[in-house]
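Undergrad: Below you'll find the structure I mean.
The values are calculated or read from the model by the stated rules, or taken from the named source; none is laboratory data. The model shown is predicted, which means the values in this text are computed figures rather than measured ones. Note that we place each Cβ from the backbone using ideal geometry, even for glycine, and neighbour counts take in every protein chain shown. Note: accessible area is taken over every heavy atom of the protein model, side chains too, but ligands, DNA and RNA are not part of it. Shrake-Rupley method; radii C 1.70, N 1.55, O 1.52, S 1.80 Å.
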Amino acid sequence: MSDAQEVTKPDEEAQSPVPEDQSDDSDEGEASGDTEMDFLRSLFSRTLGLGPGEKVLDELTLDGVARYIQSGACKNIICMVGAGISTSAGIPDFRSPVSGLYANLQKYNLPYPEAIFQIDYFKKHPEAFFALARQLYPGQFKPTVCHYFIRMLKEKELLRRCYSQNIDTLERVAGLGDADLVEAHGTFYTSHCLSFLCRKEYTLEWMKEKIFSDEIPKCDKCSGLVKPDIVFFGENLPGRFFTSMTTDFPRCDLLIIMGTSLQVQPFASLVGRVPKSTPRLLINMEKTGESDFMSGMLGLGGGLDFESDKAYRDVAHISTCDDGCLALADLLGWKEELQELVNREHALIDSKNKKEKGEAANEDSSATEKAAPGAEAKSQKTE
């Protein structure tokens with residue numbers, strides 16, 4: 001464009017008549033703003049690869065998810081689970097206002113509720129954590145319907161992995177093994193001495209004996225403090241979490257999220273690691289994990305999107321985790337099989353517990369007889 005053209009153009013525009021049907025200034029501004037926002041969305045999508053993917057669900061409902069599973073196109077399901085899948089077993093979650101774990105820790109005289117899981121506080125005041133551990137210790141609870149639904153996914157060769165925030169080991173009790181699980185926040189299953197030069201490993205039974213005898217667990221080798229292998233605030237997540245997620249999530253063709261607030265990082269960020277076309281089902285008592293305002297405005301990926309006009313793959317089923325799993329199992333034709341599995345496994349657990357209690361009672365009875373007055377004299381007389 002020449003200098004003369006640049007000079008004369010404003011005058012020409014000023015002299016041009018305004019059409020009678022032209023929109024007012026506010027409409028022009030809105031149109032301009034929409035255009036600019038579309039441009040930004042397109043720019044970020046192209047640059048970061050965060051544009052929408054292909055829609056694979058015929059509808060964004062639990063029925064749509066069930067039909068997708070039945071289609072045979074879904075063979076690498078990942079489950080992301082939190083404390084909400086264990087509440088029906090009697091284990092409190094963390095953040096419920098009245099029944100949650102953090103709401104009932106006043107008796108431990110903590111400076112703030114989360115301190116009970118702070119590694120620095122634990123090293124100085126381990127008593128509070130081990131007192132709580134007696135209430136939550138694995139072996140006192142039975143897996144829920146939700147736990148056994150995940151096991152059914154495994155048995156039907158649909159489960160790629162279960163990523164769990166829980167430390168209660170109920171996934172293992174339900175039948176998932178090392179290869180099926182990533183215990184993102186660690187587990188009670190093993191324990192280690194905290195001494196950097198020692199790090200001796202201890203079993204679940206060793207730790208249980210210490211906790212229920214009101215002892216602070218100390219290392220047999222160096223007398224250092226022993227801690228269950230659960231991840232405290234201030235500690236790194238297990239290496240397996242990071243190595244597994246890089247191979248699992250790119251292959252995921254259905255993500256099922258259950259019983260988690262998706263507030264703790266880096267676990268919560270996993271929802272954004274699946275391919276852009278992968279459906280994501282949330283079974284929870286409330287919607288969670290949704291995109292923040294800015295990400296939503298820019299149309300960027302990551303957070304869940306249930307309601308916007310751009311929603312194409314995310315489904316929220318608002319219910320308890322057990323009810324949601326039963327509803328999905330029903331749609332898949334698995335409900336009766338799931339209920340039979342739960343009943344059978346719970347009966348086996350009850351039988352095992354009854355046997356162990358009977359053996360313990362017999363041991364106590366034998367010990368009492370041996371310690372009773374006159375027992376030694378009676379024994380000598382018999383000889």
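Undergrad: If I model a spin label as a point 7 Å beyond the Cα along the Cα-Cβ vector, how far apart are those points for H192 and S277 in nm?
TA: 4.1
Undergrad: Seen from all sides and averaged, what is the projected area of the convex hull of the Cα atoms in region 152-284, in nm²?
TA: Result: a mean projected hull area of 9.5 nm².
Undergrad: Rounded to the nearest 10 Å², what accessible area does M245 show when all protein chains are kept and the probe is 1.4 Å?
TA: Its accessible surface works out to 20 Å², give or take rounding.
Undergrad: Among L159, F129, L170, whose Cα sits farthest toward the positive end of the charge dipole of region 125-186 (+1 at Cβ of Lys/Arg, -1 at Cβ of Asp/Glu, about the Cα centre)?
TA: Sorting the options by dipole projection puts first L159.
Undergrad: Take the solvent-accessible surface of the protein heavy atoms, probe 1.4 Å, and return the percent of it on region 215-280 that carbon and sulfur atoms account for.
TA: C and S atoms contribute 51 percent here.
Undergrad: For the cross-link pairs K156/K287; K55/K154; K124/K221; K142/K354, which exceed 23 Å when the distance is taken from alpha carbon to alpha carbon?
TA: K156/K287; K55/K154
Undergrad: Multiply the residue separation of E54 and K75 by 0.36 nm, subtract the distance between their alpha-carbon atoms, and state the gained length in nm to one decimal.
TA: Extra length available between E54 and K75 comes to 5.8 nm.
Undergrad: Hey, rough spin-label estimate for E356 and K287, points 7 angstrom out along Cα→Cβ, what's it come to in nanometres?
TA: 4.3
Undergrad: Per-residue HN-Hα couplings for region 236-250, Karplus 6.51 cos²θ - 1.76 cosθ + 1.60 at θ = phi - 60°, whole Hz, x for Gly and Pro?
TA: Couplings: 6, 5, x, x, 4, 4, 6, 6, 6, 5, 6, 9, 6, 5, x Hz.
Undergrad: Taking the solvent-accessible surface of protein heavy atoms with a 1.4 Å probe, what is the per residue accessible area of region 150-244 in Å²?
TA: Value for region 150-244: 47 Å² per residue.
Undergrad: List the residues whose amide H sits under 5 Å from the amide H of R160, counting only those 5 or more places along or on another chain, with H placed 1.01 Å from N in the peptide plane.
TA: For R160, whose amide H was placed from the backbone, the distant partners under 5 Å are I77, I78.
Undergrad: Once amide H atoms are placed 1.01 Å from N in the peptide plane, what residues at a sequence separation of 5 or more from D314, or on another chain, have their amide H within under 5 Å of its amide H?
TA: Placed amide hydrogens put R280, D305 under 5 Å from D314.
Undergrad: Count charges around P217 for me, please; just the other residues with Cβ under 15 Å from its Cβ, Lys/Arg as +1, Asp/Glu as -1.
TA: Value of the local net charge: +1.
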